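The values are calculated or read from the model by the stated rules, or taken from the named source; none is laboratory data. Just so it is clear, the model here is predicted, and its values are computed rather than measured. Neighbour counts are summed over all protein chains in view; Cβ atoms, including those assigned to glycine, are modelled from backbone coordinates with ideal geometry.
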Amino acid sequence: MKLAFGIIVILTLIDQGSKIWVRENVGMHEITPLLTNFLDLTFVENRGVSFSFLADLPDIIRLPLLIGISLIAVVWMIYYLVRHWNDLDSYMRFAFICIIPGALGNLIDRALLGAVTDFLHFRWYENSFFVNNLADCFISAGVVFFILSTLWGDKLFSKEERPVSSEAPSSNKEA
């Protein structure tokens, strides 16, 4: 579990470092193509959550709401990961290891800056999809691991690789 928390810290630092670099080196709304017709470096600030949802709320409501929800989510995920580590399969562990630093990275931005720094503009030719950051990419990867675990967790591992459950096997013998 120490390795898991080490990875969480490293991913959070990578996310924060990338955002600091963007804020110091890229002009607001400046566009630099990275992968032609697919990915641009574009610095924007998102005052809301995904797709700028809730961005128009007054700061006195928006900031406590978004910071509070994010803080509760991060604390709950860390608690759950520690409490249930031995019961989780590898995919679910990876899900938490990805989602926690993503949520934490965006929480740090909201708490310190009042907005999240986004800079990865995904598009397909002239069709713009979204602008996000590494924290959002970590969360997306975590969701993929979560879905894999939920749909096929027990089938993805051989008997030897399955996590050891703390529950005793039940006996359903009828008399």
- If a residue has to be more than 14 Å from Asn106 (Cβ to Cβ), modelled with pLDDT of 65 or more and in contact with a Phe, Trp or Tyr (Cβ under 7 Å, 6 or more places away or on another chain) to count, how many in region 131-175 make the cut? 4
- Is it fair to say Ile72 is loosely packed, with under 13 Cβ neighbours inside 10 Å and either at pLDDT 95 or above or over 20 Å from Val143 (Cβ atoms) (or both)? yes
- Note on the structure: Asp109 passes all but one of the listed conditions (1) in a loop (DSSP other than H, G, I, E, B); (2) crowded, with 19+ Cβ neighbours inside 10 Å; the exception is number (1)
- Query: Regarding Ile8, is this residue outside any strand (DSSP E or B) and touching a residue at least 60 places away in the same chain (Cβ under 8 Å)?
  - Reply: yes
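Just to be sure before I move on: is Ile61 under 18 Å from the mean Cα position of the chain (by Cα) and surrounded by fewer than 11 Cβ atoms within 10 Å (Cβ to Cβ) in the structure I sent?
no
Every residue in region 8-49 that is β-branched (Val, Ile, Thr) and surrounded by fewer than 15 Cβ atoms within 10 Å (Cβ to Cβ), please. Give the steps one after another, and end with the answer.
Let us first name the residues in region 8-49 that are β-branched (Val, Ile, Thr), namely 8-10, 12, 14, 20, 22, 26, 31-32, 36, 42, 44, 49.
Of everything in region 8-49, those that are β-branched (Val, Ile, Thr) and surrounded by fewer than 15 Cβ atoms within 10 Å (Cβ to Cβ) turn out to be Val9, Ile10, Ile20, Ile31, Thr32, Thr36.
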